[in-house]
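Below is one structure, written out as structure tokens; comments come after it.
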């Protein structure tokens, strides 16, 4: 990263891939500094018995990023709530859901309503 920054300071033209790498790191650094955010329950009707429970600075923005990778744009945000520390809140949500449902990383085998009932 330092080498890329030094080339920019020297006025050298960089390939787009190098610039993207620098911007991606800077964006992630800023994103990681933000503690507040949301915990959300999201899913896709194609898999009605699975929901994703995750965290984001903005749940709607996170939904939009999922829609981008899906040609049918059919992901749904079923529920979200604000948290002062989104990482801690997500961890607590996962722990609660782990007690009742099968888990695959951030995906839980339950209906959206079942997940919401556990989290509220």
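An oblate overall shape is assigned to the stretch 37-119, the ratio a/c of its alpha-carbon gyration tensor axes (a ≥ b ≥ c) being 1.5 or greater and a/b not exceeding b/c.
Extension gain, residue 60 to residue 105: 0.36 nm times the residue separation minus the Cα-Cα distance gives 14.1 nm. When you count the other C-beta atoms within 10 angstrom of each residue and take the mean per peptide, 37-43, 52-58 line up highest first as 37-43, 52-58. Peptides 103-114, 59-70 ranked from most to least packed give 103-114, 59-70, packing being the mean of other C-beta atoms within 10 angstrom over each peptide's residues.
Only the coordinates and a few stated rules stand behind these numbers; no lab work does. Given the structure is predicted, the values throughout are model-derived calculations rather than measurements. For neighbour counting, all protein chains shown are included, and Cβ atoms are generated from backbone atoms with ideal geometry for every residue, glycine included.
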